[in-house]
């Protein structure tokens, strides 16, 4: 009926948006063993943690979603076979982590470190978590 037709039309529109409107930045993914995933302020913290980890010889990359809708699932999915894990960093209880888990389709472990209530994730804790994941 009309509602089904409308829903199919909306789905087609969404698929087009997914192809054209996704915005994401990546850094050092080429040789990474672990990818940090963070957006907004968390992404800046992730970048610093990545740089410190790399100075220690740990191969870490960064996925920085700029749009959360549509989520840049393709970048995540393209790296699941190569990476040992994703570590999602959020200033919340973990809303984006579910998007990352869906994008991996269970093919790569996804870890989470979040600070709800306005807390800021600490760089040294992120580096420790990366080291723990790789042990």
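The values are calculated or read from the model by the stated rules, or taken from the named source; none is laboratory data. Note that this is a predicted model, so its numbers are computed, not measured. Cβ coordinates were reconstructed from backbone atoms using ideal geometry, including for glycine residues, and neighbour counts include every protein chain displayed.
For (1) buried (at least 16 other Cβ atoms within 10 Å of the Cβ); (2) touching a strand residue (DSSP E or B) at 6+ places or on another chain (Cβ under 6 Å); (3) over 18 Å from residue 28 (Cβ atoms), each residue gets a yes or a no:
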| site | (1), (2), (3) |
| --- | --- |
| 97 | yes, yes, yes |
| 110 | yes, yes, yes |
| 115 | yes, no, yes |
| 124 | no, no, yes |
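Quick test for you: out of 75, 88, pick the one residue that is touching a residue at least 40 places away in the same chain (Cβ under 8 Å), in contact with a strand residue (DSSP E or B) (Cβ under 9 Å, 6 or more places away or on another chain), closer than 19 Å to residue 32 by Cβ and part of a helix (DSSP H, G or I).
75
Within segment 18-67, take every residue that is part of a loop (DSSP other than H, G, I, E, B), surrounded by 15 or more Cβ atoms within 10 Å (Cβ to Cβ) and on the phi < 0 side of the Ramachandran plot and give me the one that is nearest to the chain's Cα centre (by Cα).
Top of the filtered list is 38.
Can you tell me how many residues in segment 95-125 are over 12 Å from residue 45 (Cα atoms), at pLDDT 95 or above and part of a loop (DSSP other than H, G, I, E, B)?
The number of residues fulfilling the criteria is 5.
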